[in-house]
There are 2 protein chains.
Amino acid sequence: MTEHLEKEIQDAQEAVAKQGDTVRSLKASLKEGKSEKADVDAAIQKLAELKLVLEAKQKEFEKATGKVSAQSKEALRAALAGVLERRMFYIPSFKIYGSVAGFYDYGPPGCAIKQNMTQTWRNHFVLEENMLEVECPAVTPEIVLKASGHVDRFTDFMVTDAVTGECFRADHLLEGHLEALLEDKKNPPSAEKIKEIRELLASVGELKQDTMAAALKEYNVRAPGTGNDISPPFPFNLMFKTSIGPKGDLVGYLRPETAQGIFVNFRDLLYYNGGKLPFAAAQIGNSYRNEISPRAGLLRVREFTQAEIEHFVNGADKSHPKFASIAGLRPLLYSRALQMGEEKKAQPMSLGEAVEKGIIANETLAYFIGRTWLFFIKVGINPERMRFRQHLQHEMAHYATDCWDGEVETTYGWVECVGLADRSAYDLKAHTSMSKNDLTAFEKFPEPRMEEVVKVVPNNKELGAVFKKDQKAVKEALEALDECGAMELKSKLEAGETAKVATSTGQAFDIKPGMVEIKKVTEKVTGRTYTPSVIEPSFGIGRIMYCMFEHSYYTREGDETRAVMGFKPIVAPTKATVFPLVQKPALNELATKISRDLTSVGLSNIIDTTGNTIGKRYARTDEIGVPFAVTVDFASVDGDGSVTLRERDSMAQVRVLQSEVANVIRNLVDDRMTWGDVTATYPAQKAQADEE
Amino acid sequence: MTEHLEKEIQDAQEAVAKQGDTVRSLKASLKEGKSEKADVDAAIQKLAELKLVLEAKQKEFEKATGKVSAQSKEALRAALAGVLERRMFYIPSFKIYGSVAGFYDYGPPGCAIKQNMTQTWRNHFVLEENMLEVECPAVTPEIVLKASGHVDRFTDFMVTDAVTGECFRADHLLEGHLEALLEDKKNPPSAEKIKEIRELLASVGELKQDTMAAALKEYNVRAPGTGNDISPPFPFNLMFKTSIGPKGDLVGYLRPETAQGIFVNFRDLLYYNGGKLPFAAAQIGNSYRNEISPRAGLLRVREFTQAEIEHFVNGADKSHPKFASIAGLRPLLYSRALQMGEEKKAQPMSLGEAVEKGIIANETLAYFIGRTWLFFIKVGINPERMRFRQHLQHEMAHYATDCWDGEVETTYGWVECVGLADRSAYDLKAHTSMSKNDLTAFEKFPEPRMEEVVKVVPNNKELGAVFKKDQKAVKEALEALDECGAMELKSKLEAGETAKVATSTGQAFDIKPGMVEIKKVTEKVTGRTYTPSVIEPSFGIGRIMYCMFEHSYYTREGDETRAVMGFKPIVAPTKATVFPLVQKPALNELATKISRDLTSVGLSNIIDTTGNTIGKRYARTDEIGVPFAVTVDFASVDGDGSVTLRERDSMAQVRVLQSEVANVIRNLVDDRMTWGDVTATYPAQKAQADEE
């Protein structure tokens, strides 16, 4: 039954290949003036159509055979990539030099979408919450990233082909190998083996160097392509290294995240905020990760834009004043319990309930989950295809309190686009310790309290007599003791013992009874100094863009060859197109005037006087996701002065006065008016254009 | 007469130093809750005041002595830096780790201004001219920068202290040394020597390695600080180097300019533009230069934001369709002739006249000079303190046709903020040659022409017999000959000689008569292939910001302690503040409502309910350059519903209905209304607040 389909798929594949050749040869002759741009465009259009036919056949095959759709995912991804690359949303960087994996350029529409996306993010988070936005350099001296742990721990395990020296990520290699074993039809593994493989697969990301080495050995993983032996896995630091200044002695890295720039400025930011907590700081900027072997296109790149928030809060009180405003939202939550359970499926749950039941650790973290969900919907992510997945206990760093990833479903599976983490006071403490700068805040009690505190009073005379030049260091070491250390010392000295105390240089000194007095006293305390906790929502802008592209892409009902990017107006690179119905000076003139009107209310627009049929023009603008189109006809200039306004997704058309149309579109883009309002207000125009 | 002034200056300096200590100690105790934020602020304010007193004394001294104002420039710069750092416009990066020269962070107001500046740039250039905006990575593989010449030639001469190894820029050292000689009062140089030194000073920037070495030796320049010997000068490449990928064999650099990203995409951009020229592409992004010893604060940094335009045009026709729109503008032009002349002073001249007289090379270059001038004025540069300086012949690269720098006068002298260069076809040719990709455009003639062309027809049989496996390479080499090469070969072969022809791999082969036929034929030619020229306006955003800060800074008439940043509303980080006149719930409520109104029309605003006097609040908002202030009083809630609207620079106040005030400010910010319109429309309020 499916044989004829298989044949058709083969034919379609050949047709795509052949048309690819035609496009290449036409492009070459265009350069020499021997063909026309329109011919090339037509050939490319034809190629896209053939690809879509192939895709449709593949879908049909899958429907018939019931096979799940790896192939159709591939086809969807390829069709989308075709539109994105052809319309220059993005292009592999340095293309004329053969490109370098993991680097992409944004072309004009991609660039516009990225700006709209970051500007929406800024409005949604920074302005709405009065966050303090900063901008710090990407080049960062080593000490900063030593403090943050990146120099020592920001690594992936790498293996190399023992013969060719080619490099691979150990976890990717192991994963690929295990998945292949599971699907091996010739030598299917035993049920027991399957269980073992599945368990290993689930923990690949958390293997340590020795367990990774053991697993690679046990399963006899070999180099892809060559089948050669591989080296044992070793950690490879993912930071791009450089040298600052002319002497070559100051090591620097390109930052792997923007967050550290905020932490090192904490003291100044706190002061800027009048010493008050909580407050949030934010940064939008580029980060860099020298991935071992980047794949997955736009999802794993070596230079990418992050938008990060560090919300500083007193660890003792993580409530949020605006929590009520998001408590009723019901995003899909994929809690630890659901991940460990039978169904392994996220469930919608109100954020209020999630906090109440202790599923989400605190109100502030939940508040940002809610705001993130609203942001994703605003920029065009389908909320039914996004979930918040909680980190399992072993996935979290030891200091983290609770972490949730905002994940979006795509043809690549679930893609992490946002990480939301309650990182406790780890980061500020790390920088305090490395920089010897005090990154703390002071909490003034509403009323002074009487508190029992431990006082350490060194006996200067005695210390001087015994320790001479080291007196000062010993004195400081004694005074620096924390409460427990002091009480321990007290009990030893009271027992007549000698106790060792280490100075800041690590030297230890013998302290004997009489050298120091340690006592508990009751004092009036006006407040306390503490290191704030930080709740960090961290967004990968490029990933969100790619997921949004996948969720926006569709083909016109009944016509699989017509691709549409259904961008929300707020992110669309171009908000409107203006067409004269036919090529007449009066119509062109009015179209130009309307284009100017649109520009003057800040709307990017394209005027198209190519003389193509209206249907073809719509098809072109659909591909770059233009939400509104204005058509000028004879009635616009000679009749009632109205023009046709068409909405992309419904393809519905209304008549609006030419003098009003720019403002109507402005209101639609700003969400002050819905398309429903427009169709209710203005007379409909029968859609004839699309059938042309 | 000036002795008492000198004493007063000394006293003022001591007072500044003492108050500096007070601020530091108050800050420390604020951390421990032992002082109040308000006290610290007051102490800082006092410090600023004392600095301004010092500055005033210095100015007075200069007026009295007639000495030119190096000192007062320093004082102005210091006073401004005080405001900028205190209000966190910027901060040295990695401050808690002791900072690294040449890196700065933008704090919240700096960040906002930078966004406003780049957004204004985007609207003024990209949207207005329909430029194709792209975004390319900063990490760039070596081959791209090899092609552009940066790997080989992007260097400064460096010398090192022979004992300590410290590094210096050779030109800075020589300059400093020569300037000191000129000012040496003890051993004044002879008139002849002065002339020699002045001539050398004028050419320091263009010295080659050997002439620089000779000059350093002749003048016996020694290491600053130590007085040690210095090494001979050697070139130091200013690019940050890194390695891409895990193998370490792919060298990369952080781009030193954004332009190359556009050039390597030329082919795709031309296609995107329908194959039509001229068109412009633009990019806003960060660039990196590993300066040897950065000084001059924000003006010479190692990581900075550029906004660059590459306007691609047929070299045979550099007219511009919108030239008429800027031909009447009269910026200060500092042409080659004026620089070589007696007065050495820029003169205003209309751009139309400058092109007509051949002072500016072509209309397109002049068009961008005009548009740049308008942009500078729009963002708050004083047009009387900015000029366009033409490069002298020896300053330009050999390929450049004409170059002009947009320079702004500051306390550091004239600062280059923009470079506008007609670079001919150099860049595209360089990448064509390195990448072997054809970066040309095709110009279709209006009518086909009959033209004599040289045809090279290899004799395949003969070539095959002689060159065997090299036949193809030799054939390609023959066909690749340009017209001159082919005619030269023809004449040799006709003379019966043997001629050498080199293949693309560099191998040379002997060509003998009979192996190739070369003839001139008359053909119908429909057009020609050419490499486009490029006109490049390149903006340094950070430098423009700093110059704008200097031009915006002033103190209130009669009160040198009150600093004002007179930002244009379009770049101001905060557009308005809202104050309740006194602390009453009804007033606070209305103030909050007005703040929300402002936010909803997209205006950043601050609501200040600190209860400080209105005068103090104005002083604070003046410092961050807030252009408009709204004060809510009892009449606003109980009376006619009007509020006071105050404009920062004139300090004039009017009464506006509370429901209207947000829109009035929106219109003012968007330049749809002037302050003059407002005072003509709304009743004045006598300014009492500032005297409080």
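Just so it is clear, none of the values below were taken in a lab; they were calculated from the coordinates. Since the structure is predicted, the reported quantities are computational estimates derived from the model, not experimental observations. No Cβ is skipped: glycine too gets one built from the backbone with ideal geometry, and neighbour counts run over all protein chains shown.
A cut-off of 5 Å between modelled amide H atoms, ignoring neighbours fewer than 5 places along the same chain, links B:ASP402 with B:ASP422. Taking every alpha-carbon pair in segment A:336-391 and binning the separations at 5 Å intervals from zero gives 4, 16, 27, 26, 19, 7, 1 percent.
DSSP finds beta bridges in the protein assembly as shown, and of those with both partners inside it, around 85 percent are antiparallel. Using a 7 Å projection from Cα along Cα-to-Cβ, the label point at A:SER35 is separated from the same position in the remaining copies by 7.7 nm, smallest value first.
The alpha carbon radius of gyration of chain A, expressed as a multiple of 2.2 N^0.38 Å, is 1.20. Straight-line reach only, C-alpha to C-alpha below 24 angstrom: list the lysines that B:LYS217 could link to, leaving out same-chain residues fewer than 8 apart. Within the straight-line cut-off, B:LYS217 pairs with A:LYS247, B:LYS185, B:LYS186, B:LYS193, B:LYS195, B:LYS208.
The trypsin sites (Lys or Arg not before Pro) found in segment A:238-336 that occupy coil by DSSP, while having at most 11 further C-beta atoms within 10 Å, are A:LYS276.
The Cα-based radius of gyration of segment B:318-423, divided by its Kirkwood radius, gives an Rg/Rh of 0.94.
Computed about the Cα centre, the dipole magnitude for the protein assembly as shown is approximately 580 debye when only Lys and Arg (+1) and Asp and Glu (-1) carry charge, each at its Cβ. What translational D, rounded to a whole number of µm²/s, comes out for segment A:456-576 from Stokes-Einstein when the hydrodynamic radius is the Kirkwood one over Cα pairs, at 10 °C and 1.306 mPa s? D = 77 µm²/s. When the Cα atoms of segment A:407-507 are aligned to their principal axes, the ranges along those axes come out at 75, 39, 27 Å in descending order.
For the rotational copy pair B/A, the chain B residue whose Cβ lies nearest the symmetry axis, together with its distance in Å, is B:THR242, 2. Under the convention that each Lys and Arg Cβ holds +1 and each Asp and Glu Cβ holds -1, the size of the dipole of segment B:1-158 around its Cα centre is about 320 debye.
Pairs of Lys residues in segment B:447-530, spaced 8 or more positions apart or belonging to different chains, with C-alpha separations under 14 angstrom: 19 in total.
When you filter the GluC sites (Glu not before Pro) in segment A:458-551 for DSSP loop state and at most 16 other Cβ atoms inside 10 Å of their Cβ, you are left with A:GLU497.
Please compute, over every Cα-Cα pair in segment B:2-65, the percentage with a separation greater than 16 angstrom. In whole percent, the share of Cα-Cα pairs in segment B:2-65 beyond 16 Å is 50. Ranking A:GLY380, A:HIS398, A:LEU351 by Cα position along the charge dipole of segment A:334-400, where only Lys, Arg, Asp and Glu carry charges on their C-beta atoms, puts A:GLY380 farthest toward the positive end.
Per residue, the average separation of C-alpha pairs within less than 8 Å and at least 6 apart gives chain B a relative contact order of 11 percent. Working from the Cα coordinates of segment A:561-692, the gyration tensor eigenvalues give, after taking √(5λ), semi-axes of 19, 17, 15 Å in decreasing order. Using a cutoff of 8 angstrom between alpha carbon atoms and counting only pairs six or more residues apart, the relative contact order for segment A:447-530 works out to 47 percent. Charges were assigned to the Cβ only: +1 to each Lys and Arg, -1 to each Asp and Glu. The resulting dipole of segment A:448-544 about its Cα centre is roughly 220 debye.
The residue among B:PRO246, A:ALA652, A:THR411 whose Cα reaches farthest toward the positive pole of the charge dipole of the protein assembly as shown, with charges on the beta-carbon of Lys, Arg, Asp and Glu, is B:PRO246. Per-residue Karplus couplings for segment B:299-310, computed as 6.51 cos²θ - 1.76 cosθ + 1.60 with θ equal to phi - 60°, are listed in order as 7, 10, 10, 8, 9, 8, 9, 10, 10, 10, 10, 10 Hz, Gly and Pro entered as x. One decimal place: the segment B:THR679-B:LYS429 gains 84.2 nm when fully extended, by the rule 0.36 nm per residue minus the C-alpha distance.
A Förster radius of 22 Å combined with the Cβ-Cβ distance from B:LEU374 to B:ASP671 puts the calculated FRET efficiency at roughly 0.95.
Centre-to-centre, using Cα atoms only, segment B:72-118 and segment A:419-460 are separated by 29 Å. Over segment B:155-237, the Kirkwood radius and the radius of gyration, each from Cα atoms, give a ratio Rg/Rh of 0.97.
Report, to the nearest 10°, how far helix A:483-494 tilts away from the longest principal axis of the Cα atoms in chain A, using its own Cα long axis and a range of 0 to 90°. Computed tilt is about 20 degrees. Taking a ≥ b ≥ c as the square roots of the Cα gyration tensor eigenvalues, the protein assembly as shown comes out rounded, since a/c falls below 1.5.
Under the shape rule built on the C-alpha gyration tensor, where the axes satisfy a ≥ b ≥ c, segment A:82-147 is oblate, since a/c reaches at least 1.5 while a/b does not exceed b/c. Using R0 = 30 Å, the C-beta based FRET efficiency linking A:LYS27 and B:ASN123 works out to 0.30. Positive-end ranking of A:THR613, A:ASN663, A:VAL221 along the dipole of chain A, with charges on Cβ about the Cα centre, is headed by A:ASN663. Suppose we flag chymotrypsin sites (Phe, Trp or Tyr not before Pro) only when DSSP calls them loop and at most 15 other Cβ atoms lie within 10 Å. Which is the longest uninterrupted stretch of chain A? Longest stretch, sites excluded: A:400-692. Provide, as a two-decimal number, the C-alpha radius of gyration of segment A:418-463 over 2.2 N^0.38 Å, N being how many residues it has. Relative to the 2.2 N^0.38 Å estimate, segment A:418-463 comes out at 1.89.
Over the residues of chain A, the helix contribution to mean residue ellipticity at 222 nm works out to -12000 deg cm²/dmol, using -39500 (n - 2.57) for each DSSP H run of at least 4.
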